[in-house]
Amino acid sequence: MPNLLVHLGVQGALSSVAVRDVDLKWVYAGAVVPDVPWIVQRAVLTLAPGVDPYALRYYVDVQASLIVSLLCAGALAMLAAAPRRVAVVMGFNIGLHLILDALQIKWGNGVHLLAPFSWELVNWGVFWPESPLNVVLTLAGLLFVILTAHRVVRHGVPLQKPDRRRAVAFGLLAGAYLLLPLWWLDGPREANVHDLETLRVPERRPGQYVEFDRKSCVPLDAEACLLLGTFRAEGLPLEREARVSVRGVFVDMETIRVLEAHVHHPWFRDLASYLGLLGVLLIWMVWFMLSRREARSQSAPDAG
């Protein structure tokens, strides 16, 4: 997927044009929602390595789909002062996020735009994460966030304590966001998304075509590297550890004959995404602190 700075810049600019006086805090929230399951997945696998990674990946795949992400937007909108407007803004940016993701070249990866009617991954494959276009958009996104930050943190009153009706709606939508993926797990499993079923059952591997998106690979010898710490990738010699995308065929249960490979920049995409996420968190935190300070200053005369 494009890094988060690209999303913030492109989606912030387009939303500013499409929606009059839009609150970019909600635009940024919508831009982050589809990435939340993947962030949580990484945290879970780090903190609880005993969790079944295949089941977790299927759950995350469903939760990051368009329809389930919209449930998250609906739940968050129930906490807003203008829930309908926020739901539209966040929903627009969730859809835009997934469309931008589908433009990037991601072998064996993609987005679910039509789930639950189709679990095939959508990937139009226009550019790599390190392409000049993506670098320019990353820098533009960083500049956009910096230049608009002062206005964004002082814009609007985006939160409001929900009444009973909206509190119930929040609970139902949030519950559906968390529980619905459990009901739909068979969809991505039967579609063999990310070739996970091929990887999960070793006996199925020999002769099967497989693709990997941005996985770690360590040099073994002059002819091969160790992919994901498990598979010998023949025909991919490396001088040092790298993050690679691979297309290949299983020769046996543990060996892949590489047909095509792309070596990624080791830190560009991750660093840009971390900077984008930090920027979004800081904007919301500063807005919250300013709002609290303003509320205290307004209540001070009454208290006296």
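Any read-out appearing in this document is the output of simple, stated calculations on the displayed coordinates, not a laboratory observation. As the structure is a computational prediction, the values presented were derived from the model and not from experiment. Using ideal geometry, Cβ is built from the backbone for each residue, glycine included, and neighbour counts are taken over all protein chains shown.
In what sequence do M285, M90 fall when counting other Cβ within 10 Å, fewest first?
M285, M90
Hey, got the Cα dimensions of the chain along the principal axes, in Å, largest first?
If we take the Cα atoms of the chain, the spans are 78, 40, 35 Å.
In terms of modelled amide H atoms, which long-range or inter-chain residues lie less than 5 Å from the amide H of L159?
Long-range HN contacts for L159: A81.
Considering the chain as a Gaussian network with a 10 Å cut-off on Cα pairs, which listed residue, R214, R151, R57, attains the greatest mean-square fluctuation?
Highest fluctuation of the listed residues: R151.
Taking each full run of DSSP H in the chain as one helix, which ones are at least 27 Å long along their axis (Cα atoms) and have mean Kyte-Doolittle hydropathy of at least -0.5?
TM-like helix candidates: 83-103, 132-153, 164-183, 268-303.
From the backbone phi of the range 200-213, what are the Karplus-calculated ³J(HN,Hα) couplings (6.51 cos²θ - 1.76 cosθ + 1.60, θ = phi - 60°) in whole Hz, Gly and Pro given as x?
Those phi angles translate into 5, 10, x, 5, 7, 5, x, x, 8, 6, 8, 10, 10, 10 Hz.
Could you give the distance between the Cα centres of the range 94-135 and the range 35-55, to the whole Å?
Cα centres, the range 94-135 to the range 35-55: 21 Å.
For the range 201-263, what is the convex hull volume of the alpha-carbon atoms per residue, in Å³?
Output value, Cα hull per residue: 67 Å³.
Please give the Cα centre distance for the range 223-267 versus the range 151-183, rounded to the nearest Å.
So the two Cα centres are separated by 43 Å.
Using θ = phi - 60° and the Karplus relation 6.51 cos²θ - 1.76 cosθ + 1.60, list the HN-Hα couplings for the range 236-247 in order, rounded to whole Hz, with x at every Gly or Pro.
9, x, 10, 7, 8, 4, 8, 9, 10, 9, 9, 10
Could you list, bin by bin from short to long, the percent of Cα-Cα pairs of the range 185-304 in 10 Å steps?
12, 29, 20, 14, 9, 8, 6, 2
Give me the three principal axis extents of the range 232-272 from the C-alpha atoms, as integers in angstrom, largest value leading.
Ordered largest first, the range 232-272 gives principal extents of 37, 18, 16 Å.
Starting from 0.36 nm per residue, how many nanometres of slack lie between W183 and L139 once their C-alpha separation is accounted for?
Fully extending the segment from W183 to L139 adds 11.8 nm.
Taking 25 °C and 0.890 mPa s as the conditions, I'd like the Stokes-Einstein D for the range 83-210 in µm²/s, using the Kirkwood hydrodynamic radius from alpha carbon pairs.
Once the numbers are plugged in, D ends up at 132 µm²/s.
Per residue of the chain, what 222 nm ellipticity follows from adding -39500 (n - 2.57) for every DSSP H run with n ≥ 4, rounded to the nearest 500?
-18500 deg cm²/dmol
I want to verify a result. In a Gaussian network model of the chain, Cα cutoff 10 Å, which of these has the top mean-square fluctuation: R85, R204, R269?
R204
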